[in-house]
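S.K.: Mind looking over this structure? Questions follow.
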Amino acid sequence: MARVGMVFDLKACIGCNACVVACKQENSLPDGVFFTKTLSEEYGVFPLANRVYIPTICNHCEDAPCEKVCPSGATHTREDGIVMVDDDKCIGCSSCAVACPYDQRTQMEESNFLAGLFGNGELTPFEEDGYGRYTPGTVTKCDFCSQRVDAGLNPACVVTCPTNARIFGDLDDPASAPSVMIRERHGRQPMPEKNTKPKVYYVN
Amino acid sequence: MAKETPTANSLKSGRWVPSSCKMCLHSCGNMIHVTDDGIINKIEGNPTNPSNNGKLCPKGNSAIMRHYDPARFKQPMRRTNPEKGCGIDPMWEPISWEEALDISAREIKKSMDEDPRKILPSLEDFQKFNIWSWPLAFGNFNFYQSGGTMCGGAYHPMNGFIHSAFGCANDAKYCNYWINNGTGDGFSSHLHAAAQANWVAKARTERNMRVVSIEPRLSIGSAKAEEWVPIRPATDRHFAMGMSHVLIEEGLCDYKFLRRDTNAPYLVGEDGLFIRDDNGQCHIWDMEADCAKLWNDESIGKIALEGNFEIDGKPCRPGFQVYKDILAECTPEAMSEITTVPAETIARIAREFAEAAQVGATIKLEDGRTVPLRPAGYNYYRGAQGHKHGAQTNQAFKLVNMLMGNIDAPGGHMGVVLDTKEVDINHCEPGESGMLTPTPHQLGPTPPFAYPPNTYHLMDYFPLGVHPPHFNLLVHEDPAKFGMEFVPDVIVNCHSNPVWAIQGPRNKWFEFLRSMRFIVCVDLIPTEMTDWADIILPSNDVLESWNCTMIEPPHTEGQSFRQPAVEPLHDTKSEEEIFYELSERMGILEAYNDVVNKTLGFEGHPELMLELDQKHTDKEIARRKGLLWNGKDIDWYMERGHSVTEKRLDKWYRPWEGSRLHFYIEDMLIEKDKLKQQMEDADVPFRDEWQWNDYQPLPTPVLDPVHEEPPEFDLYAITFKDIQLNFGESLSNPWIKDIVYRDPVHTGLLLNPKTATAQGLEKGSIVLVESPYGHVYGRISVSEGMHPETLGISNALSRLKSKDSGVLPAGGHFNDMLPYDLRNTDAASGQPETVCKIKITKLDDWPDFLKEGRTVYDKIEEHENAKGKGGQH
């Protein structure tokens, strides 16, 4: 069984947020809700100032703190390592959101949906079609587009990324694109001190 | 959650429709997913299109939210509120198509019958030149749209001079040293943003291509570059000339290229014109024979690039020597004073550039040709070129490239064509005296000289330039001064937002619009401009319509095909149907079809020519465009969505082989003299104010007038866009808004922290920013990524209030602070100055008008207050 993960190439990422919008499209996310984000951080002093663009996403940790604290068993890990939330079981206690050191979980509230993307209190046909997958009160997050993965496709954010800054694949396969990149370009996991064993890596 | 059926949008049961994007003016290939219920729920890039390779930018990913925007115009409408203005409710009343078209045609025809020059077109659909060219059907050359001066006013004519092309870019396939000067090409903006970002990222990650970015603000491209070179605004030409000084003084140029492939050796007389024989042929100095010979004399031994000579007693020197003489004063030290870039940086980059260019290297292409390999290119765009002396500035950049022999060479600096219409058309043609035929007018014919003028924006006096739409305002303030015999009273607007986009103070533009008798807008959604309309004619959107075109793709060619993914959601029509209906009612149907046949290239193909007495659909025109490109009928295009391939090598690399490129642009002087004589003969009253020094055959280090504003204006101000805001309407889109106003560079007026301190300002200070021409309000943010003399104002902070639109006003408009006069406009190209000098005053509070209603800053505060709420911050 594969163990899927993602590598972010910080050299390639231009912070364009195409991934963020593709995710909003694929997952019908309400305004202000993100399963992935690209942060930007300025550093240095003029004229040697610079800015780094940092994509972030659920790290699908092997020792996932969210899963450990979940009282209902809603949060679970698939065989391929994707950390999922079953919203039939989720009781909306938000323990997971507190436990996640990466701030990657969102409690879906009724208000997220009511205003609509255009803020006029009405839903577009796109929203009508898409919001049914969410249960208000439950907690959601990125699932690496698990259904796409099952269909043999890459996650939506990976597919659209203009600079190929997101590389997805089987971390157990030493010949896979992410494995090679992690090895050759010394991939680093986010916040290793948290001992969560993320399946997301960054290379420079 | 239903486990059995997919919830991921792209996996829901439905179909994929291959089509093309139009969220900016370019045309990336995409795939539209339509569910079995007819809902468009996902758009992805088309992986079979070698331009964007399956990738899309954030705007391309956002087209669904344009389609389903509840504010879309749903049927034709008529205003009932006589009071007009941005943000003032027109109180629309739905009317029938028949009535809307009848009223519009009647009002336009009334002006046409009186004087066709009284019609002011503002037709900005850059993917439909058949609409763009509609006014030619009644001989009208007026122009009230931003395309041109607010993108590449001087850029396009210079690309036409040098490459016979519309745009330009570096060749990412082989380039190893990429200079970006005032452009986001490959990172955030310009040509096919997603496509070029994809090509450039590959070059950077797979080949370690080095990027040097020169600009006043740390943009995305500068942040990703190996080196950011901060520069004082409007001094980019001086940087390029400092580099050229080093390249020539240190003998680093491609002399073989300059001798054989350019007119740099042609001998120039003291009057600045080439010395020609009785047949008009130019001369070259043969160093071996020590005499002048005709350019095509096969006995020429060694061609002189440098030296001072005489022909029949007349002093002359090669064009190269003329430039060398100009550059004598452009030492890196002298240019450092002007640009603030250290002299050693200018010299080092020149040397690095020359080394990377590998002068002398060649490469064997797949088509069998062996051509120069020059893997270094100097690329530039709006930020660097959009200045008073735009023509000279663009030429200075071209000459850095030409000195390296990299023009249209693998890895070098390339001409990028717009839509060559037929696969076998080469855009380059040999011209007189062995030189390439220059094509400075890339967007079709321009009006001949006339006085009194036939255009309201003085296009009668730009034989080499693009339309200067800001002159509509200049003339409107004093029509008599410019000898106007007419005053426009009708605006025909299509996908254009001139009241937002064109420079000059808004309050004056509002007066301009109030003077119009009738305004009709063809559009999708409300904008600042549609608030002024009398009639709205709603059009289909990109997901409901047909088209076939290609808009300046780097690296690829072909046709991007658009087809409806769904039936129109509302009672809307295609632009074609609207303009054909108007044309028929106005009695210009045959003339219009004749214009379209010429514009789209059907002329000369009897089987494709539009029948003059018929109205044609968008589908039929798209069908014929596809046939024109490669003989494939519409079914073939509907299946594939495009006919895009990588550029054919003979049209991409040295398509002008055998012709000499214009190192020295003699036409600048010839056209100047001609225009001067025409103005004398016609006794044009404003001829003494005309900026005659702007016509130069080679760049000079003259300062742009922006540097000579009164000293109280102690800082510069620039504006900028990023990839989420590229080209045209963006901020009405909720997904774009959700990302833009979380990005720190779009949340305040950017000032270097040391400058802020020196001005008594800090992050959060509310300020009034004044230029000699206008003002804006704003809130200060600090960034080390700003040149200390420069205030940066995101385009996302320059919107105005408009009725029913999702865009949020900030504190005015950057363009209010820009001049619209002759002094600040390049007479050679029509390019106006696009930066300004400013002074900043700290305020205690926002002015009252900004306290009414929601602004960008309210939205930003909402985001900041939501921080810490899980994934919602």
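S.K.: Of the DSSP beta bridges with both residues in the stretch B:728-872, give the percent that are antiparallel, rounding to the nearest 5.
M.R.: Bridges in the stretch B:728-872 are about 80 percent antiparallel.
S.K.: Going by average Cβ density within 10 Å per residue, which order do the peptides B:590-599, B:543-552 take, highest to lowest?
M.R.: Highest-to-lowest ranking by the protection proxy: B:543-552, B:590-599.
S.K.: In nanometres, what is the gap between the two model label sites at A:Ser111 and B:Lys676, each 7 Å from Cα along Cα-to-Cβ?
M.R.: For the pair A:Ser111/B:Lys676, the computed spacing is 7.0 nm.
S.K.: Something else: Taking a spot 7 Å from the Cα of B:Glu333 along the direction of its beta carbon, which residues of the stretch B:229-269 have an amide N less than 15 Å from it?
M.R.: B:246
S.K.: Now for a separate question. Is any helix in chain B, taking whole DSSP H runs, at least 18 angstrom long along its axis by alpha carbon and on average at least -0.5 on the Kyte-Doolittle scale, and which ones?
M.R.: Those that pass (Cα extent of 18 Å or more, hydropathy at least -0.5) are B:236-249, B:343-357, B:390-403.
S.K.: How many partner chain Cβ atoms sit within 10 Å of a residue's Cβ in peptide A:154-167, on average, as a whole number?
M.R.: Mean inter-chain Cβ contacts per residue within 10 Å come to 6.
S.K.: Out of the DSSP beta bridges found with both residues in chain B, what percent are antiparallel (nearest 5)?
M.R.: Antiparallel: roughly 60 percent of the beta bridges in chain B.
S.K.: Sort B:Trp92, B:Trp636, B:Trp690 so the one with the fewest other Cβ atoms within 10 Å of its own Cβ comes first.
M.R.: Exposure proxy ranking, most exposed first: B:Trp636, B:Trp690, B:Trp92.
S.K.: Same structure, new question: For the stretch A:4-203, compute the number of Lys pairs whose alpha carbons are separated by less than 21 Å, excluding pairs fewer than 8 positions apart on the same chain.
M.R.: So the count works out to 17.
S.K.: Hey, what number do you get for chain A at 222 nm if only DSSP H runs of n ≥ 4 count, each worth -39500 (n - 2.57), divided across all residues, to the nearest 500? Spell out each step's value before the answer.
M.R.: On the way: 8 runs with 49 residues, N = 204.
Taken over chain A, the calculation gives -5500 deg cm²/dmol.
S.K.: Using the beta-carbon distance between B:Lys256 and B:Glu567 and R0 = 56 Å, what value does 1/(1 + (r/R0)^6) give for FRET efficiency, to the nearest 0.05?
M.R.: Plugging the Cβ-Cβ distance into 1/(1 + (r/R0)^6) gives 0.40.
S.K.: Let me ask something else about it. Among A:Cys66, A:Cys161, what is the fewest-to-most ranking by other Cβ atoms within 10 Å?
M.R.: Result, fewest neighbours first: A:Cys66, A:Cys161.
S.K.: Considering the dipole of the protein assembly as shown built from charges on the beta carbon (Lys and Arg +1, Asp and Glu -1) around the Cα centre, which of B:Thr345, B:Val522, A:Phe168 is farthest to its positive end?
M.R.: Among B:Thr345, B:Val522, A:Phe168, the one farthest towards the positive end of the dipole of the protein assembly as shown is A:Phe168.
S.K.: Give the lysines whose C-alpha is closer than 16 Å to that of B:Lys763, dropping any in the same chain fewer than 8 places away, or say none.
M.R.: Within the straight-line cut-off, B:Lys763 pairs with B:Lys754, B:Lys842.
S.K.: Right, next: If amide H atoms are built 1.01 Å from N in the plane of the peptide, which residues on other chains or at least 5 residues away come under 5 Å of the amide H of B:Leu749?
M.R.: Amide H neighbours of B:Leu749: B:Arg779, B:Ile780, B:Ser781.
S.K.: Can you give me the long-range amide H partners of B:Thr719? Hydrogens built in the peptide plane at 1.01 Å from N, cutoff under 5 Å, separation of 5 or more residues or another chain.
M.R.: B:Ile793
S.K.: Report the full-extension gain for the segment B:Lys364 to B:Ile311: residue separation times 0.36 nm, less the Cα-Cα distance, to one decimal in nm.
M.R.: Contour length minus the Cα-Cα distance gives 15.0 nm.
S.K.: On a C-alpha basis, how far is the centre of the stretch B:729-790 from the centre of the stretch B:256-273 in Å? Whole number, if you could?
M.R.: The stretch B:729-790 and the stretch B:256-273 have Cα centres spaced 47 Å from each other.
S.K.: Continuing with this model, one more query. I'd like to know which of B:Val466, B:Gln395, B:Pro375 lies farthest towards the positive end of the charge dipole of chain B, counting +1 on Cβ of Lys and Arg and -1 on Cβ of Asp and Glu.
M.R.: Working it through, the farthest residue towards the positive pole turns out to be B:Pro375.
S.K.: Continuing with this model, one more query. Averaged across B:9-15, how many Cβ atoms of other chains sit within 10 Å of each residue's Cβ atom?
M.R.: Taking the mean over all residues of the peptide, I get 4.
S.K.: Where the only charges are on Cβ atoms (+1 Lys, Arg; -1 Asp, Glu), what is the dipole of the protein assembly as shown about its Cα centre, to the nearest 20 debye? Mind dumping the intermediate values first?
M.R.: Numbers: 108 positive and 153 negative charges, 566 e Å.
I would put it at about 2720 debye.
S.K.: Also: Suppose every Lys and Arg Cβ carries +1 and every Asp and Glu Cβ carries -1, with no other charges. What dipole size does chain B come out with about its Cα centre, to the nearest 20 debye?
M.R.: The calculated dipole for chain B is roughly 2580 debye.
S.K.: So how strong a dipole does the stretch B:728-872 carry about its Cα centre when Lys and Arg Cβ are +1 and Asp and Glu Cβ are -1, to the nearest 20 debye? All intermediate terms of the calculation are to be shown ahead of the outcome.
M.R.: Working: 17 positive and 20 negative charges, 48 e Å.
I would put it at about 220 debye.
S.K.: Hey, got the average number of other protein chain Cβ atoms within 10 angstrom for residues in A:116-126?
M.R.: Working: counts 2, 11, 9, 5, 4, 0, 1, 2, 8, 10, 10.
Across the residues of A:116-126, the mean count of other-chain Cβ atoms within 10 Å is 6.
S.K.: Apply the Karplus parameterisation 6.51 cos²θ - 1.76 cosθ + 1.60, with θ equal to phi minus 60°, to every residue of the stretch B:524-530 and state each ³J(HN,Hα) to the nearest whole Hz, in sequence, with x for glycine and proline.
M.R.: 9, 9, x, 9, 3, 6, 5
S.K.: If you restrict to DSSP beta bridges whose two residues both lie in the protein assembly as shown, what percentage is antiparallel, to the nearest 5?
M.R.: 65 percent
S.K.: May I pose another question? When only Cα pairs under 8 Å and 6 or more residues apart are kept, what is the percent relative contact order across the stretch A:1-132?
M.R.: On the way: 166 pairs, mean separation 29.2, N = 132.
Relative contact order for the stretch A:1-132 comes out at 22 percent.
S.K.: Also, I was wondering about something else. Put +1 on the Cβ of each Lys and Arg and -1 on the Cβ of each Asp and Glu in the protein assembly as shown; which of B:Ile103, B:Ala828, B:Phe161 then has its Cα farthest toward the positive end of the dipole?
M.R.: B:Phe161
S.K.: Test of understanding: ordering B:His467, B:His813, B:His570, B:His555 by Cβ neighbours within 10 Å, fewest first, what list do you get?
M.R.: Exposure proxy ranking, most exposed first: B:His570, B:His555, B:His467, B:His813.
S.K.: Further question: Can you compute 3J(HN,Hα) from phi for each residue in the stretch B:631-641, using the Karplus curve 6.51 cos²θ - 1.76 cosθ + 1.60 with θ = phi - 60°, rounded to whole Hz and x for Gly and Pro?
M.R.: x, 8, 7, 5, 4, 4, 6, 5, 6, 9, x
A short reminder: the numbers here are calculations on the coordinates, not readings from a lab. The shown structure was predicted, so the numbers you read here are calculated from the model rather than taken from an experiment. Because the Cβ atoms are built from the backbone with ideal geometry, glycine has one as well, and the counts that use them run over all protein chains shown.
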